[in-house]
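Enquirer: Below you will find the structure I want to go over with you.
The values are calculated or read from the model by the stated rules, or taken from the named source; none is laboratory data. All values reported here derive from a predicted model rather than from experimental measurement. Glycine gets a Cβ as well: all are built from the backbone with ideal geometry, and neighbour counts include every protein chain shown. Heads up: the accessible areas ignore ligands, DNA and RNA and are worked out on the full protein's heavy atoms, side chains in. Shrake-Rupley method; radii C 1.70, N 1.55, O 1.52, S 1.80 Å.
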Amino acid sequence: MERVMVGQKEWLYRLGRAWVAFFLLGEIVVFSIIGTGFFSARNFQNILVAATTILLLAAGETFVIITGGIDLSVGFVMGLACVVSAKIMVMLQAASVSQGLSILLGCAGALLFGLLPGLVNGALVAKLRVPPFIATFGMYGVAYGLSEILCNNVPISGLPPLVGFIGNGYLLYYLPGKALTLFSPPQGISRADIRAMIPLFPNVFVFSIIAVAIFGFILARTQFGQHVYAIGGNIDAARRAGIPVEKHLIRVYMISSFFAAMGGVMYTLRFVTGRADAGAARMLDSVVAVVIGGASLYGGTGSMAGSIIGTLIIAMLETGMVNLGLPTYNKYVYVGIILVLAVLIDQFFPEFVRKGE
């Protein structure tokens, strides 16, 4: 009898850890039944596009949350990078620099500039012992104010036309039974063929998932990643083990800032504009994606794979609501409920198993 009870508790524990996958599957079932065209290729492209910004912010947030911190500045660091990239592109275009070089330098400049907020956040947290909530919330305001100053409180426009072509393009274009092309649609096709053509894998998502995969490998398979987990598990033990905790934390916050800046660059490419509030609505989404993906707000646990699944849950919820014609602001209610549910499950199931031991 006792063995049966232990087996049941183990099964419940595993169910609790896998609830995210079941939740994602439930979303697919519900939206496929009550929605229209849910399994169409176009709808899945919409989900990937909706996931791009959340995924980038969540990727950086994953590193920070595993260390036991939090980065509340990512939304407006994203906006700052968006403004910087757009401003550089416009200035270079006015100086008669080619479109390709203007875009390349604009993106590179924004990514480099975007490291600075992370450097400041990391120094405040690691060197001056400022709580992560306070340090990053302060940077939240600084980044937003600086963005508005740079763009004079007006979205930046007049970017090179090639920006929109890249940001709204796809890796593959498939014309059933006729053609499969890279980066651009087949030339000389009819209007009927254009309507039948299936674009696959948005460029912004492809760029993003490559970066996420690289840092996911770093987190899971390198010494740097193991030190991230060690700091989140027990920072004093990490110091005694010889890990340079202060330097490591600074790098972690710079990684978070880098991903936020990349989110700003992707926004510029997609919407062909620079907006200070580009990522204002995505900070909550990024934290929720990491937490429902299995990371603990107390630090020490989490994974990039889990954050990807959490991102897909939010992106699918958002896209499904649009598909049903529901107001998208209702999403914040559901996201808030999911966050509380994730925290409760994170606390309940481990405690459930400990009580049964």
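Enquirer: How would you rank 273-284, 296-307, highest first, on the average number of other Cβ atoms within 10 Å across their residues? Mind dumping the intermediate values first?
Expert: Numbers: 273-284: 21.8, 296-307: 20.1.
In decreasing order of mean packing, 273-284, 296-307 become 273-284, 296-307.
Enquirer: Same structure, new question: Once you keep just the Cα pairs under 8 angstrom separated by 6 or more residues, what percentage relative contact order results for the stretch 67-116? Numbers along the way, then the final one.
Expert: Numbers: 28 pairs, mean separation 21.2, N = 50.
Across the stretch 67-116, relative contact order equals 42 percent.
Enquirer: On a 1.4 Å probe surface of the protein chains, which of Phe165, Phe31 comes out largest in accessible area, and what is the full order? Walk me through the intermediate numbers first.
Expert: Details: Phe165 115, Phe31 20 Å².
Result of the area sort, largest leading: Phe165, Phe31.
Enquirer: Tell me the label-point distance for the pair Leu162, Leu112, using the 7 Å Cα-to-Cβ offset, in nm and rounded to one decimal.
Expert: Distance between the two pseudo-spin positions: 1.9 nm.
Enquirer: Checking understanding here: applying a Kyte-Doolittle mean of at least 0.0 and a length along the axis of at least 24 Å (C-alpha), which whole DSSP H helices in the chain pass?
Expert: 41-66, 74-94, 132-151, 203-221, 245-271, 304-324, 331-356
Enquirer: Further question: Pull out the extension gain between Val343 and Leu326, defined as 0.36 nm times the separation in residues minus the alpha carbon to alpha carbon distance; nm, one decimal. The partial results should precede the final answer.
Expert: Working: separation 17, 0.36 × 17 = 6.12 nm, distance 2.68 nm.
Difference between extended and current length: 3.4 nm.
Enquirer: Here are several values of volume of the Cα convex hull per residue in Å³: (i) 173; (ii) 126; (iii) 205. Which one was derived from the coordinates shown?
Expert: (i)
Enquirer: Also, I was wondering about something else. Which one of Thr181, Gly293, Met304 is farthest out on the positive end of the charge dipole of the chain, using unit charges on Cβ (Lys, Arg +1; Asp, Glu -1) and the Cα centre as origin?
Expert: Thr181
Enquirer: Mind ordering 61-67, 132-138 by average Cβ neighbours within 10 Å, highest first?
Expert: Going by the mean number of other Cβ atoms within 10 Å, highest first, we get 61-67, 132-138.
Enquirer: Let me ask something else about it. Across all directions of projection, what mean area in square nanometres is found for the Cα convex hull of the stretch 155-299? Working shown, then result.
Expert: Values: hull surface 49.0 nm².
With the hull built on Cα positions only, its mean projection is 12.2 nm².
Enquirer: So, one more: Karplus couplings for the stretch 67-72 from phi (6.51 cos²θ - 1.76 cosθ + 1.60, θ = phi - 60°), rounded to Hz, Gly and Pro as x?
Expert: 6, x, x, 7, 10, 8
Enquirer: Taking 0.36 nm per residue of separation and subtracting the Cα-Cα distance, what length does fully extending Leu105 through Leu128 add?
Expert: Details: separation 23, 0.36 × 23 = 8.28 nm, distance 3.41 nm.
My answer for the length gained is 4.9 nm.
Enquirer: Right, next: In nm, to one decimal, how far is the Val29 label point from the Gln187 one, both placed 7 Å along Cα→Cβ?
Expert: Result for the modelled spin labels: 5.0 nm.
Enquirer: Let me ask something else. Can you tell me the order of 235-246, 257-268 when each peptide is scored by its average per-residue count of other Cβ atoms within 10 angstrom, highest first? Please list the in-between numbers first.
Expert: Working: 235-246: 13.5, 257-268: 30.1.
Peptide ranking by packing, descending: 257-268, 235-246.
Enquirer: Now for a separate question. Treating only the Cβ of Lys, Arg, Asp and Glu as charged (+1, +1, -1, -1), what charge dipole size does the stretch 204-357 show about its Cα centre? Round to the nearest 20 debye.
Expert: Numbers: 11 positive and 8 negative charges, 63 e Å.
Charge dipole, the stretch 204-357, about its Cα centre: 300 debye, nearest 20.
Enquirer: What does the charge count around Ile255 come to, taking other residues whose C-beta lies under 11 Å from its C-beta (Lys +1, Arg +1, Asp -1, Glu -1)?
Expert: Combined, the nearby Lys, Arg, Asp and Glu give -1.
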